[in-house]
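*Asks:* Before I ask anything, let me first share the structure, which is written out below as structure tokens.
The values are calculated or read from the model by the stated rules, or taken from the named source; none is laboratory data. It should be emphasised that the depicted structure is a prediction, and the values quoted were computed from it without experimental measurement. Note that each Cβ is placed from the backbone with ideal geometry, even for glycine, and that neighbours are counted across all protein chains shown. What goes into the accessible areas is simple: the full protein's heavy atoms, side chains included, and nothing from ligands, DNA or RNA. Shrake-Rupley method; radii C 1.70, N 1.55, O 1.52, S 1.80 Å.
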Amino acid sequence: MARIRTIKPEFFLDEDLAQLPHRTRLFFVGLWLQADREGRLEDRPQRLRVQVFPYEPEIDAEEMLCQLAQRPECGEPHIYRYEVGGKRLIHIVGFLKHQRPHPKEPPSTILPYTEGMPCKKTASREKTFLASKLREGKGREGKENIREGNGLRS
């Protein structure tokens, strides 16, 4: 369920975020709307794409999540992607520092990310290559690999 969140003016001056593509920055804000009161949500790229960019089917949510999960030269990534009990999850770093959830918003039911917990690795070169092939519409082998679990997840 989408929620009302705020954007502080400092968001636009964040130098690490400025390195990301414009759509990825907008997607990041969209993640805030889908996150619970603790800044946690399910890691479901295709569903998130529909929730944040419903009229833009060419958007690659997996790629944007990988960009947000990459650690900048200095500092923390913008999100942590992790798994608990077979469930893929996302934790938005610094969420509670910048957001003030409504007091009546229900408590989180998603298990938290804890420091040292293994994070899902970002896309490898092979996965990025397969994604670019699919976007270009070249070859069905990429789609078959994805279905078989050898490529990108949906």
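*Asks:* First measure r as the distance between the Cβ atoms of residue 47 and residue 100, then evaluate 1/(1 + (r/R0)^6) with R0 = 22 Å and state the FRET efficiency to the nearest 0.05.
*Replies:* Working: r = 26 Å, r/R0 = 1.18.
Efficiency for this residue pair is about 0.25.
*Asks:* What spacing in nm lies between the two simple spin-label points modelled at residue 88 and residue 111, each 7 Å away from Cα in the Cβ direction?
*Replies:* My value for the distance between the label points is 1.7 nm.
*Asks:* Now for a different question. With only Lys, Arg, Asp and Glu charged, each at its Cβ (+1 for the first two, -1 for the last two), find how big the charge dipole of region 6-83 is about the Cα centre; round to the nearest 20 debye.
*Replies:* Working: 10 positive and 16 negative charges, 54 e Å.
Computed about the Cα centre, the dipole is about 260 debye.
*Asks:* Moving on to the next point. So which trypsin sites (Lys or Arg not before Pro) in region 63-107 end up in coil per DSSP with only 12 or fewer other C-beta atoms within 10 Å? Can you show the working numbers first?
*Replies:* Numbers: sites: 81, 87, 88, 97, 104; in loops: 104.
Filter output for region 63-107: 104.
*Asks:* Can you work out the Karplus-derived ³J(HN,Hα) for every residue in region 36-52? Use 6.51 cos²θ - 1.76 cosθ + 1.60 with θ = phi - 60°, whole Hz, and x for glycine or proline.
*Replies:* 7, 5, 9, x, 10, 7, 6, 8, 10, x, 5, 5, 5, 4, 5, 6, 9
*Asks:* Carbon and sulfur atoms: what percent of the 1.4 Å accessible area of region 1-122 do they account for? Let's see the in-between values first.
*Replies:* Numbers: 4190 of 7560 Å².
Ligands and nucleic acids excluded, carbon and sulfur reach 55 percent.
*Asks:* Residue separation times 0.36 nm, minus the C-alpha to C-alpha distance between residue 7 and residue 58: what's the value? Let's see the in-between values first.
*Replies:* Details: separation 51, 0.36 × 51 = 18.36 nm, distance 2.59 nm.
This chain segment gains 15.8 nm when fully extended.
*Asks:* What is region 38-104's relative contact order, in percent, from Cα pairs under 8 angstrom and six or more apart in sequence? Walk me through the numbers on the way to the answer.
*Replies:* Values: 68 pairs, mean separation 24.0, N = 67.
Result for region 38-104 is 36 percent.
*Asks:* Related question: Quick one: order 109, 114 from most to least accessible surface, probe 1.4 Å.
*Replies:* On the way: 109 135, 114 70 Å².
Ranking 109, 114 by accessible area, largest first, yields 109, 114.
*Asks:* Could you tell me which trypsin sites (Lys or Arg not before Pro) in region 1-61 are loop residues by DSSP with no more than 16 other beta carbons within 10 angstrom of their beta carbon? Display every interim value, and only then the final one.
*Replies:* Working: sites: 3, 5, 23, 25, 37, 40, 47, 49; in loops: 3, 5, 37.
Here the sparse-neighbourhood loop sites are 3.
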